[in-house]
Ligand code: 3PG
């Protein structure tokens, strides 16, 4: 299993993106690149998510494309087969963690408690997604985890916005944040790629 630290250092924000229509995948990814974002987490929450993943992997070489919402080992395998270059899960089970560790791609397991952080750390991983960041306790919670466990770097995701991102990014144990605010459904459905590039530009300047 490859080290996931570099995944956290591509851009200050990992856009968490859900695509219904695969024809939106490539222009959306290009708009993010135009706005200076070099990474995308495509959620496996739609029927055609794997098709969108494949299109981005094949046609937008300038973006590091990963798959999010990995809940099962078979989803992880399907995502890798479709071109995912990293995997993100909202939480971990022992079975999922074992499987993710057997793969070649870097993984960001989701954690929300100190015990979960310790379980993942025990397996040799020190890059994790903190989810759901806002409801689980926000920046002060992550700062508190950093006292006993400073060696873990987090990507807080869930309830993070352009305005709340700086407070997370100022923490020594946060390398980037994740969020869906760069690709709102209203802009995707109207194919407003310039609007998405604008949101990406704001985010990449964080
Ligand atoms: C995720 O899967 O990481 C979240 O759905 C993203 O959370 P957000 O919509 O609050 O940014």
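A short reminder: the numbers here are calculations on the coordinates, not readings from a lab. Note that the coordinates shown come from a computational prediction; the quantities given were computed from them, not determined experimentally. Don't worry about glycine lacking a Cβ; one is built from the backbone with ideal geometry, like all the others, and counts go over all protein chains shown.
Using a Gaussian network model of the chain in which every pair of alpha carbons under 10 angstrom is joined by a spring, one finds that among 114, 160, 13 the greatest mean-square fluctuation is at 114. Quick note on the stretch 58-104: its Rg to Rh ratio, both from C-alpha atoms and Rh being the Kirkwood radius, is 0.99. For the pair residue 72 and residue 202, the difference between a 0.36 nm per residue extended length and the Cα-Cα distance amounts to 43.4 nm.
When 163, 52, 5 are arranged by Cβ crowding within 10 Å, least crowded first, meaning fewest neighbours, the order is 163, 5, 52.
Considering only 164, 11, 89, the mean-square fluctuation computed in a Gaussian network model of the chain, springs between alpha carbons under 10 angstrom, is largest for 164. Mean separation of Cα pairs under 8 Å and 6 or more residues apart, divided by the residue count, gives the stretch 7-119 a relative contact order of 21 percent. Note on the stretch 79-164: Cα Rg divided by 2.2 N^0.38 Å, N the number of residues, gives 1.10. Restricting attention to the chain, close to 0% of DSSP beta bridges with both partner residues there are antiparallel. Which shape class, rounded, prolate or oblate, goes with the stretch 136-185 when its Cα gyration tensor gives a ≥ b ≥ c as root eigenvalues, a/c under 1.5 marks rounded, and past that a/b bigger than b/c marks prolate? The shape class here is prolate. Convex hull volume of the C-alpha atoms in the stretch 5-200, normalised per residue: 103 Å³. One Cα centroid belongs to the stretch 12-51, the other to the stretch 106-129; the line between them spans 25 Å. Cβ-to-Cβ counts within 10 Å put 92, 33 in ascending order as 33, 92, the fewest first. The helix-based estimate of mean residue ellipticity at 222 nm for the chain, built from -39,500 (n - 2.57) per DSSP H run of four or more residues and divided by its residue count, is -11000 deg cm²/dmol to the nearest 500.
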